[in-house]
1. Test Asp166 against the stated conditions and say whether it is open to solvent by 10 Å² or more (accessible area, probe 1.4 Å), over 16 Å from Gly277 (Cβ atoms) and of a type in the set (Asp, Glu).
2. For Leu139, work out the one condition from (1) closer than 29 Å to Ile242 by Cα; (2) under 23 Å from the mean Cα position of the chain (by Cα) it doesn't fulfil.
3. When you look at Ile335, is it at negative phi, surrounded by fewer than 21 Cβ atoms within 10 Å (Cβ to Cβ) and of a type outside the set (Phe, Trp, Tyr), yes or no?
4. Could you tell me which numbered condition Phe374 fails, if it satisfies all but one of (1) closer than 26 Å to Ala213 by Cα; (2) outside any strand (DSSP E or B); (3) open to solvent by 30 Å² or more (accessible area, probe 1.4 Å); (4) touching a residue at least 24 places away in the same chain (Cβ under 8 Å)?
5. Out of (1) in contact with a Phe, Trp or Tyr (Cβ under 6 Å, 6 or more places away or on another chain); (2) open to solvent by 60 Å² or more (accessible area, probe 1.4 Å); (3) of a type in the set (Ser, Thr, Tyr), what's the single condition that is false for Thr304?
6. Of the conditions (1) of a type in the set (D, E, K, R); (2) in contact with a Leu (Cβ under 6 Å, 6 or more places away or on another chain); (3) surrounded by fewer than 19 Cβ atoms within 10 Å (Cβ to Cβ), Arg6 fails just one. Which one is it?
7. Quick test for you: out of Ala118, Ala150, Ala174, pick the one residue that is open to solvent by less than 40 Å² (accessible area, probe 1.4 Å) and in a helix (DSSP H, G or I).
8. Taking segment 233-253 as the region of interest, how many residues are aromatic (Phe, Trp, Tyr) and either assigned to a loop (DSSP other than H, G, I, E, B) or farther than 13 Å from Asp275 by Cα (or both)?
Amino acid sequence: MLVATRDNGLIKVITGMRRCGKSSLLALFHRYLTEHDIAEDHIININLESFQYNDCDEKQLHQTIVTHIQDDGRYYLLLDEVQLVNHWERAINALRVEHNVDIYLTGSNAHLLSSHLATLLAGRYIEINVFPLSFQEFLDYTNMHSDRIAAFDRYTRYGGLPPVVDQGTNQALAHTVLNGVYNTIVMRDIAQYLQIRNPMVFNDITRYLADTAGSPTPVAKIEHRLVSSHRSTTNETIERYISGLLDAYLFYRASRINVKGGGHLQGLNKYYPADLGIKNMLLGYPSGNFGVLLENVIHNELCTRGYTVQVGKIDKLEIDFVATRMRDDLTVEQILIQVSASIMDPETRRREFEPFLQLGNQPGRRMVLTLDTFGLGTVDGIDVVNALDWLTE
């Protein structure tokens with residue numbers, strides 16, 4: 001994507017949670033530029049997490065960058081974690097106007113980026129989302145193609161953040177890295193603008209969302225749980241904390257939609273952790289309920305593939321995911337997905353098929369994703385597909 005958008009006149013904004021690979025993507029692009037005859041002194045690469053930029057403001061940032069610009073040639077500006085500089089957008093806008101620069105930014109907080117981009121840079125940037133490793137990328141990264149089942153077990157336990165994957169199956173090391181990533185996100189990407197007055201309440205809400213992933217999560221239910229734990233707070237605070245978790249890319253939200261009518265339904269959103277390693281770290285690495293983990297993986301994979309993911313409702317029935325995206329020819333692709341670890345039991349199979357049978361002529365591919373290896377194929381227009389095959393197709 002960076003190569004395709006090079007020199008297109010727009011600022012490239014690379015977003016995603018910490019340690020998911022944004023810096024590595026910038027480093028790869030830096031190497032690409034040098035391999036395509038761009039001189040090193042025309043590539044300005046700055047990591048704003050470095051201590052030397054700890055108290056940097058927009059004027060200092062602008063001056064630092066300008067000192068590297070020595071002629072009228074094209075320069076490539078690569079700035080890592082730009083949201084750490086107050087009013088960074090002023091410096092970026094000035095550089096865009098005054099100098100011949102192609103600008104690439106990374107950031108780990110959607111709120112800070114969107115609020116600043118909307119002021120001076122609206123219509124002048126393109127957002128590129130980076131996610132933790134997908135399962136296929138995990139297989140490539142670990143070279144575990146020969147044992148997908150063992151790989152999937154490891155993937156659903158420790159997640160897909162590259163520095164965590166590097167620890168192998170050593171849970172102590174994985175936990176240390178995951179805990180460090182989570183604490184950094186809370187302290188640097190959430191607390192600095194959210195003004196968390198009660199960290200215990202914030203952590204309780206985070207753990208609750210992780211524990212109820214894939215289940216409808218009304219704010220009133222969270223409030224009741226906090227009250228029962230003698231940590232009462234307001235609905236407004238709960239919603240603000242949830243927004244902070246979403247803005248830091250720790251969780252995704254899937255809203256509900258009426259599949260037949262197409263309208264959005266208020267409340268009872270579902271939340272999915274963006275990385276299963278962080279989810280498990282927060283909950284103490286629980287065992288069991290593999291179906292919930294599989295559903296989380298499928299949801300995140302759909303996001304990685306560029307779908308908008310919602311929860312479908314048909315009367316009292318539910319479809320796990322209604323996924324839509326725009327094709328290159330500007331037509332809309334839609335997939336309706338049920339997720340179940342196994343549908344070998346006849347009653348489970350009937351339950352998973354029933355919402356699809358109520359759809360009538362509703363457009364969209366209908367699919368059941370399962371870990372089963374038998375009973376696959378197309379039945380009544382419904383594709384029954386092995387989940388690992390789908391994840392690696």
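The values are calculated or read from the model by the stated rules, or taken from the named source; none is laboratory data. This is a predicted model, so every value here is computed, not measured. Quick reminder, even Gly has a Cβ in these numbers, built from the backbone with ideal geometry, and neighbours come from all protein chains shown. Accessible surface is based on the protein model in full, side chains and every heavy atom, while ligands, DNA and RNA are left aside. Shrake-Rupley method; radii C 1.70, N 1.55, O 1.52, S 1.80 Å.
1. no
2. (1)
3. Numbers: at negative phi: yes; surrounded by fewer than 21 Cβ atoms within 10 Å (Cβ to Cβ): yes; of a type outside the set (Phe, Trp, Tyr): yes.
Considered against the rule, which asks whether it is at negative phi, surrounded by fewer than 21 Cβ atoms within 10 Å (Cβ to Cβ) and of a type outside the set (Phe, Trp, Tyr), Ile335 comes out as yes.
4. Checking Phe374 against (1) closer than 26 Å to Ala213 by Cα; (2) outside any strand (DSSP E or B); (3) open to solvent by 30 Å² or more (accessible area, probe 1.4 Å); (4) touching a residue at least 24 places away in the same chain (Cβ under 8 Å), the one that fails is (1).
5. Result: Thr304 fails condition (2) only.
6. Every condition holds for Arg6 apart from (2).
7. From the options Ala118, Ala150, Ala174, the qualifying one is Ala174.
8. Of the residues in segment 233-253, 2 are aromatic (Phe, Trp, Tyr) and either assigned to a loop (DSSP other than H, G, I, E, B) or farther than 13 Å from Asp275 by Cα (or both).
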